[in-house]
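Visitor: Before I ask anything, let me first share the structure, which is written out below as structure tokens.
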Amino acid sequence: VEINTFSWYIHIPFLFISSFFLLLGIVGEDALLPAPQNISILSTNMKHFLSWSPVIVQGETVRYSVEFQGEYERDYANESWIPICECSLITATVCNITEDISATVAYNLRVRADVGTRRSEWGTLKGFFNRITTSLTPPLMKVIADGCHLLVELEDMGPAFQFCVLYWKKGQESRQKVVKDASSVVHLDTMEAGPDYCVKAQTYVEAINRSSSFSQTQCVGAQGGTSMWLVTALIVSAGFAMAALTLPFLTWKTSKILQYSCCPAAVLPDTLKVSEPPPQLILCGSEETEQCDLKVHVMPSEEVLRLWIQETL
């Protein structure tokens, strides 16, 4: 009995250690992963990105899934959560949630880690996010002086953005122009020679009714104004020179046309033209030829009628 009792005491530690390692293995396979930490949002110019610290698991690839909950889901859909498809089982620790944050309401967001069949608890953003808090920056801007034209080229920040542009001639009050499409260069004003013209701009988002601060002021002058006047003067001078050269020719040509139209020269047909003196008239008799007197005697019509009647009778 003492030997059996001694053997039992010897096996107890081994049984305890074996059970511990067995239990550790079972628990290890189904143990929860640590939830993602340091969840935050970076939102600039209506582009929103959710980020978090990575969950480290040695020798394993950790994937993450993101869900959001808006005002409707929270108040009218039993506090349900909607998965963000673009951020489902991703390996990155950042998610672009811009397309899903489509209303100016309070949103809640959460992230979960996955390794195979093992999952973590949801890590939730502290507080709510509303896109009205996005950080708006002034637009990138390039002011151009094209001769006497004042132009501005603005950064295209997307369809949600408009731009308020202020421009002025130094020493005068500023004027305002609202630009809704930044896809092309915008003409602001026609400059005059003298002081510079200055421009500054700010962004405006109608969806959240907020504006950014103004950009740094940029000033330009009417570059090439004198040369433009010189070119214009040269063109006008050349036009006058061409007119002076062509005017005499046009006058002569016009006079010829008018002379031909109003007083055309009479030209005899070829059949009426006599190139040689007329031959002498010769009367031919039946037996002899006699030269006739070429003198023509004009008879009155009564005399001609009388002679004709006599010959008829």
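Visitor: Got the relative contact order for segment 141-221 handy, in percent, Cα pairs under 8 Å and 6 or more residues apart? Display every interim value, and only then the final one.
Guide: Working: 166 pairs, mean separation 26.9, N = 81.
That works out to 33 percent.
Visitor: Take residue 132 and residue 37, extend 7 Å from each Cα along the Cα→Cβ direction, and tell me the distance between the two endpoints in nm.
Guide: Going from the residue 132 label point to the residue 37 one covers 3.4 nm.
Visitor: To the nearest 20 debye, what charge dipole does segment 141-221 have about its Cα centre, counting +1 at the Cβ of each Lys and Arg and -1 at the Cβ of each Asp and Glu? Don't skip to the end; give the middle numbers.
Guide: Working: 8 positive and 10 negative charges, 49 e Å.
That gives a dipole near 240 debye.
Visitor: Another one. Give me, ordered by chain and number, the residues 5 or more places off residue 118 or on other chains with an amide H under 5 Å from its own placed amide H.
Guide: none
Visitor: Now a separate question. From the residues 103, 61, 87, which one has its Cα farthest along the dipole of segment 57-130 in the positive direction, the dipole being from +1 and -1 charges on Cβ of Lys/Arg and Asp/Glu about the Cα centre?
Guide: With unit charges placed on the Cβ atoms, the residue in question is 61.
Values quoted throughout were computed directly from the atomic coordinates according to the rules given, and no laboratory measurement underlies them. All values derive from a computational prediction rather than experimental measurement. All Cβ positions, glycine included, derive from the backbone under ideal geometry; neighbour counts span all protein chains shown.
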